[in-house]
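> Sending over a structure as structure tokens; questions will come in a sec.
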Amino acid sequence: MNVNIEHSWKAVLQDEFEKPYFKQLVSFLKHEKSIGKKIYPEGKNIFNAFQQTPFDKVRVLLLGQDPYHGAGQAHGLCFSVQKGIKPPPSLINIFKELQNDLQIPIPSSGDLSHWAAQGILLLNASLTVEEGKPLSHANIGWQIFTDAVIKAVSDKKDKVIFILWGKFAQQKEALIQTQKHVILKAAHPSPLSAYHGFFGCKHFSKINELLEEKINF
């Protein structure tokens, strides 16, 4: 199957594109669109995280769960929204922790493309969602694909920092070779859990320290 994805990732993931689950996933999405359902993000942005952060550039992997399901929000980068869109509560809390940890002023834009450009793979476990229906595409095959992505980063790269916020993301620790990578875990930044272990986690300063030390562990 000829999938329009950044070439270094295409080489790494080519086997996944030929598997039955992936072909079924593509057929499902095409059918949903053909009957008029709105799917986010736009087709051109489904693999935006891979486009923005080629495989050889990945230094950090931040795992989200599901794309935003409101109009104009999702653009293929976890926790990020398109320019001009109001940052959702979880993203605001991420910015608050960034401010408290590194004294970086809260930005006006919720677009995290500049993070992706620095080598942070902003990966959601599901890469699409139906408008207004969170987790609606959680069981159509995306998690098989993104588990393969996590495993490929773990198996084929060294000294990557994996950021797992919340119980869902932390379940993916089993896919990671912990002896050669760093895993940072905290509560999810959503308003429901941010005060129970996300605020004060100081992950941003820890990431900077690890990158400056070139992760000597």
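The values are calculated or read from the model by the stated rules, or taken from the named source; none is laboratory data. A quick note: this is a predicted structure, and the numbers were derived from the prediction, not measured. Note that each Cβ is placed from the backbone with ideal geometry, even for glycine, and that neighbours are counted across all protein chains shown. Remember, those area values only see protein heavy atoms, side chains included, never the ligands or the DNA or RNA. Shrake-Rupley method; radii C 1.70, N 1.55, O 1.52, S 1.80 Å.
> For residues that are closer than 25 Å to F95 by Cβ and open to solvent by 40 Å² or more (accessible area, probe 1.4 Å), tally how many sit in the range 184-217.
Qualifying residue count, the range 184-217: 14.
> Show me the helices (runs of 4 or more DSSP H) entirely contained within the range 3-65 in which 1 or more residues are among the polar types (S, T, N, Q) and open to solvent by 80 Å² or more (accessible area, probe 1.4 Å).
Answer list for the range 3-65: 20-34, 48-52.
> Being acidic (D, E) and over 22 Å from D155 (Cα atoms) is true for just one of E18, E42. Which residue is that?
E42
> I would also like to ask the following. Any chance you could count how many residues in the range 30-87 are of a type in the set (S, T, N, Q) and farther than 25 Å from V160 by Cβ?
Going through the range 30-87 one residue at a time, the tally reaches 3.
> May I pose another question? Anything in the range 107-136 that is free of Cβ contacts under 8 Å to residues at least 60 places away in the same chain and either part of a loop (DSSP other than H, G, I, E, B) or β-branched (V, I, T) (or both)? List them, or say none.
Result: P107, S108, S109, G110, D111, L112, Q118.
> Something else now. Scan the range 144-166 and give yes if some residue there is part of a helix (DSSP H, G or I), surrounded by fewer than 16 Cβ atoms within 10 Å (Cβ to Cβ), without any contact (Cβ under 8 Å) to a residue 12 or more places away in the chain and not basic (K, R), otherwise no.
No; the residues of the range 144-166 include none that is part of a helix (DSSP H, G or I), surrounded by fewer than 16 Cβ atoms within 10 Å (Cβ to Cβ), without any contact (Cβ under 8 Å) to a residue 12 or more places away in the chain and not basic (K, R).
> Output yes when any residue across the range 132-142 is touching a helix residue (DSSP H, G or I) at 6+ places or on another chain (Cβ under 8 Å) and among the charged types (D, E, K, R), and no when none is.
Within the range 132-142, none of the residues are touching a helix residue (DSSP H, G or I) at 6+ places or on another chain (Cβ under 8 Å) and among the charged types (D, E, K, R).
> Enumerate the pairs (first residue in the range 76-92 and more than 16 Å from E42 (Cβ to Cβ); second residue anywhere and open to solvent by 60 Å² or more (accessible area, probe 1.4 Å) and part of a loop (DSSP other than H, G, I, E, B)) with beta-carbon separation below 6 Å, excluding pairs fewer than 6 apart on the same chain, so at least 6 apart or on different chains.
Matching pairs, first to second residue: P89/P191.
> Go through (1) in contact with a Gly (Cβ under 8 Å, 6 or more places away or on another chain); (2) crowded, with 16+ Cβ neighbours inside 10 Å for H181 and report which single condition fails.
(1)
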